[in-house]
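The values are calculated or read from the model by the stated rules, or taken from the named source; none is laboratory data. Here the structure is a predicted model, which is why all the values come from computation and not from measurement. Cβ atoms come from the backbone with ideal geometry, glycine included; neighbour counts cover every protein chain shown. The protein model used for the area step is the full one, side chains on, heavy atoms only, and it has no ligands, DNA or RNA in it. Shrake-Rupley method; radii C 1.70, N 1.55, O 1.52, S 1.80 Å.
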Amino acid sequence: MSQPLFEKVAFIGLGLIGSSLARVIRAGHLAHDIVASTRSQKTLEDAKALGLISEGYADPVEAVKGADLVVLALPVRATQKVLEAIKPYLSADTIITDVGSTKGNVVEAAKAVFGDALPEGFVPGHPIAGAEHTGVHAGKVDLFAHHKVILTPLPSSADWAVDKLTQLWQAAKAEVICMDVDKHDEVLAHTSHLPHLMAFNLVEQLAKREDNLDIFRYAAGGFRDFSRIAASDPQMWHDIFFANKKAVLNAVNGFEQQLAIIRKLIEDEDSQALMGLLGHAQAARQHFNHMLAKKPFMEKNKVTQQFTIQPGTKSFQGKFTVPGDKSVSHRSIMFGAIAEGTTHVTGFLEGEDALATLQAFRDMGVSIEGPKNGEVTIHGVGMHGLKAPQSAIYMGNSGTSMRLLSGMLAAQNFDSVMTGDASLSKRPMERIAKPLREMGAQIQTTGERGTPPVSITGNQNLKGIQYDLPMASAQVKSGILLAGLWAEGETAVTEPEPTRDHTERMLRAFGYEVKTEGNRISLQGGGKLVGTNIQVPSDISSAAFFMVGAAITENSDVTLEAVGINPTRTGVIEILKQMGADISVENERIAGGEPIADIHIRGTRTLKGIHMPEDQVPLAIDEFPALFIAAACAEGQTILTGAAELRVKESDRIQVMADGLQTLGIDCTPTVDGIIIEGKGKSGDWSPIFTGGEIESHHDHRIAMSFSIAGLRNSEQIKIVGTETVATSFPTFTELTSIAGLPIQVSE
């Protein structure tokens with residue numbers, strides 16, 4: 001048996017929190033002995049009967065003798081008196097911690113007893129967990145599981161003490177966070193103390209009404225949920241409100257100011273502003289939940305989500321509308337926000353990447369309604385109307401958002417910082433930072449590789465430049481052109497190969513002149529955008545998975561409706577045609593300045609391996625993972641060259657796809673700028689191509705979806721881990737594949 005963390009643990013107080021932690025220590029064999037001191041003899045007797053403690057004492061002095069961990073689980077205002085009593089009996093290596101809701105007063109109490117020379121083992125703490133019931137019987141061994149515990153180490157706190165407490169709380173399955181004392185009290189004043197104060201106040205306000213019985217009788221769920229916390233212990237909250245007086249009053253002041261704003265909007269019947277405020281609050285709640293879930297280092301989690309596809313003959317049939325084009329969705333928000341007037345968007349992709357862009361502009365003061373069923377209304381603030389965000393702008397997994405916004409933010413009159421999730425935080429941003437600096441921007445990336453966070457200093461006068469792109473990149477081109485909207489003179493970008501031109505097309509749709517002369521794109525700074533209507537076409541990158549799925553499946557028949565066929569994006573169609581796919585483009589038309597069409601694919605013939613033409617590479621850069629699956633099912637060798645950009649996407653898509661293909665029994669060789677794939681297809685033979693195994697997607701949505709499509713031709717089970725990012729671009733992917741005939745099991 002391993003050595004326990006502690007010899008003897010002494011609890012001073014044994015209510016809900018103390019008795020729950022005692023249960024954790026007992027269940028995990030984390031101490032040789034557990035004792036407690038409380039004023040209630042009944043509590044001590046019950047704790048002994050429950051097997052939580054070996055001995056109970058009325059005097060805390062008796063409890064702490066020989067203890068190497070003392071847990072103060074008592075009302076915060078009693079801390080000083082207890083510390084005075086136990087001080088002579090604490091050894092130099094005794095750890096002293098507490099579980100109270102406020103920390104500043106606990107530190108002050110300790111200073112009053114110990115002076116400035118606080119014990120090395122003194123580390124205040126606060127488990128953010130609770131229940132409606134209190135007392136020793138209410139304790140639960142899993143009370144802290146999946147909850148946060150905040151430790152507030154002081155300059156005097158020893159590392160060994162912090163480490164031991166961290167191990168203790170982690171044994172309780174809690175997430176341990178370290179925070180400054182003052183910061184803790186400020187944060188908790190807003191997130192815990194203010195809501196409790198408001199609940200007490202609301203119930204008291206309604207209880208005083210003559211019709212109070214009817215109000216409480218007919219109260220809806222929202223009132224019940226919110227007012228539930230007013231049933232908390234009045235003495236405890238009385239003490240907390242006084243103990244954290246300064247921070248609580250600051251929180252109350254902020255609430256009163258915000259309430260006054262809402263009151264005025266209602267009085268004035270300012271529909272647009274009220275809708276913007278309510279929409280921002282709703283989106284912020286959802287965004288922060290996502291941000292907190294994704295921002296901790298994703299690679300430390302073994303699996304956040306996985307797909308499993310079983311072997312067996314499958315069909316692939318149907319008529320589908322895939323989600324809106326992500327590139328167009330991003331730009332519709334960005335351009336609508338800085339336009340004059342209102343922009344209405346339909347077909348907006350409600351995936352996490354596009355929602356990150358939407359949230360960014362809400363955080364910069366833009367009133368946005370929706371999205372609801374793909375509809376968004378943006379009330380533009382004009383070229384100079386964006387406001388400084390209150391904190392760093394979180395871009396999630398979206399490299400498009402970060403690179404394009406780098407150009408826009410470089411021209412604003414406020415400083416800004418952009419962050420992202422673990423995947424985005426590894427992606428190169430110097431490609432856009434370098435030309436922006438040439439324009440006069442002050443922009444910093446992080447580390448030797450030039451990765452996020454990206455910090456931008458405002459109030460810079462930008463000047464137009466003539467920039468030759470070293471590598472074809474629509475994102476870098478767009479970021480430079482967007483900075484050029486505010487720059488003095490002409491901004492021009494020359495690209496080595498044509499890349500997607502959504503930025504140029506949409507700027508023209510908003511009334512801004514953009515010149516395209518061969519591979520040179522230019523605009524003059526100082527103009528304005530005018531609000532308009534934007535219809536977002538279905539995303540050809542998302543449609544590509546269904547195109548490949550139909551092309552590799554016998555007797556398939558799939559139609560994809562209203563897909564964007566922008567000529568800078570149609571490489572996937574051209575390449576599949578060259579491989580011999582039975583694919584046709586039908587019902588071509590224009591929507592919102594973008595060409596769209598229905599794409600019809602049937603599984604009637606075996607694909608042929610080809611040397612993918614390099615002039616199509618920039619036109620199919622996001623679709624290559626899916627095309628690699630097609631190549632594996634083709635007859636003969638397929639070679640890709642000139643696609644080095646694939647190595648700096650959400651993952652190194654060349655290497656990651658090669659690793660996965662080899663796992664599934666495909667012979668392939670990655671190269672510096674492409675891959676060689678030995679196809680296993682045979683003319684007229686539709687038997688399985690892929691074996692099975694576990695695929696690591698590296699949290700790259702296109703990798704995950706590509707190997708899912710391989711499940712149409714597998715002889716063994718395929719498991720794909722790290723698939724949660726599929727929601728960034730194709731939130732309905734597994735639903736639509738199931739309807740088509742490819743069932744995918746989703747698990748966490």
One residue from Thr491, Thr499 being of a type outside the set (A, V, I, L, M), assigned to a loop (DSSP other than H, G, I, E, B) and surrounded by 19 or more Cβ atoms within 10 Å (Cβ to Cβ) | Thr499
Which one is farthest from the chain's Cα centre (by Cα) among residues in segment 512-551 that are charged (D, E, K, R) and open to solvent by 10 Å² or more (accessible area, probe 1.4 Å)?
-> Glu517
From Ala433, Ala474, Ala422, Ala509, residue being more than 17 Å from Val648 (Cβ to Cβ) and either open to solvent by 20 Å² or more (accessible area, probe 1.4 Å) or not aromatic (Phe, Trp, Tyr) (or both) = Ala509
Identity of the residue in segment 622-657, part of a loop (DSSP other than H, G, I, E, B) and within 25 Å of the chain's Cα centre (by Cα), that ends up surrounded by the most Cβ atoms within 10 Å (Cβ to Cβ) | Glu623
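Could you pull out the residue among Lys42, Lys48 that is modelled with pLDDT under 95 and either under 27 Å from Ala145 (Cβ atoms) or in contact with a strand residue (DSSP E or B) (Cβ under 8 Å, 6 or more places away or on another chain) (or both)? Full working, then the answer.
Numbers: Lys42 fails: either under 27 Å from Ala145 (Cβ atoms) or in contact with a strand residue (DSSP E or B) (Cβ under 8 Å, 6 or more places away or on another chain) (or both).
Unique residue meeting the criteria: Lys48.
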Unmet criterion (only one of (1) within 22 Å of Gly347 (Cβ to Cβ); (2) over 34 Å from the mean Cα position of the chain (by Cα)) for Asn555 = (1)
Within segment 681-694, identify whether any single residue is assigned to a strand (DSSP E or B) and in contact (Cβ under 8 Å) with a residue 60 or more places away in the chain, and answer yes or no.
-> yes
Would you please list the contacts, defined by Cβ atoms under 6 Å and residues six or more apart or on different chains, that run from a residue in segment 68-92 that is closer than 21 Å to Trp169 by Cβ to a residue that is outside any loop (DSSP other than H, G, I, E, B) and open to solvent by 70 Å² or more (accessible area, probe 1.4 Å)?
-> Asp68/Glu7
Could you grab me the full set of residues in segment 447-461 that are surrounded by fewer than 20 Cβ atoms within 10 Å (Cβ to Cβ) and closer than 16 Å to Val648 by Cβ?
-> Gly447, Glu448, Arg449, Gly450, Thr451
Enumeration of residues in segment 228-273 that are outside any helix (DSSP H, G or I), closer than 23 Å to Pro75 by Cα and out of contact with any His (no Cβ under 7 Å at 6 or more places or on another chain) = Asp233
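For segment 563-579, name all the residues that are charged (D, E, K, R) and assigned to a helix (DSSP H, G or I). Outline the logic, then answer.
Pass one, segment 563-579, residues charged (D, E, K, R): 569, 574, 577.
Within segment 563-579, Glu574, Lys577 meet the criteria.
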Which one is modelled with the highest pLDDT, of the residues in segment 171-188 that are assigned to a helix (DSSP H, G or I) and open to solvent by 30 Å² or more (accessible area, probe 1.4 Å)?
-> Ala171
Lone unmet requirement of (1) modelled with pLDDT of 95 or more; (2) open to solvent by 10 Å² or more (accessible area, probe 1.4 Å); (3) small (Gly, Ala, Ser) for Ser683 = (1)
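If you take the residues in segment 348-386 that are polar (S, T, N, Q) and either touching a residue at least 40 places away in the same chain (Cβ under 8 Å) or farther than 25 Å from Thr321 by Cα (or both), which one is surrounded by the fewest Cβ atoms within 10 Å (Cβ to Cβ)?
So the first thing to find is which residues in segment 348-386 are polar (S, T, N, Q), and the list is 357, 359, 367, 373, 377.
Cutting the leftovers down to either touching a residue at least 40 places away in the same chain (Cβ under 8 Å) or farther than 25 Å from Thr321 by Cα (or both) gives us 357, 359, 367.
On the way: Thr357: 26, Gln359: 27, Ser367: 21.
Per the stated criteria, the residue is Ser367.
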Within segment 473-483, is even one residue touching a residue at least 24 places away in the same chain (Cβ under 8 Å) and at positive phi?
-> no
Enumeration of residues in segment 27-46 that are free of Cβ contacts under 8 Å to residues at least 60 places away in the same chain, within 44 Å of the chain's Cα centre (by Cα) and not in a loop (DSSP other than H, G, I, E, B) = Ala31, His32, Asp33, Ile34, Val35, Ala36
Pairs, please: C-beta under 8 Å, at least 6 apart or cross-chain, first residue without any contact (Cβ under 8 Å) to a residue 40 or more places away in the chain and at positive phi and in segment 620-647, second open to solvent by 10 Å² or more (accessible area, probe 1.4 Å) and of a type in the set (D, E, K, R)?
-> Gly642/Glu614; Gly642/Asp673
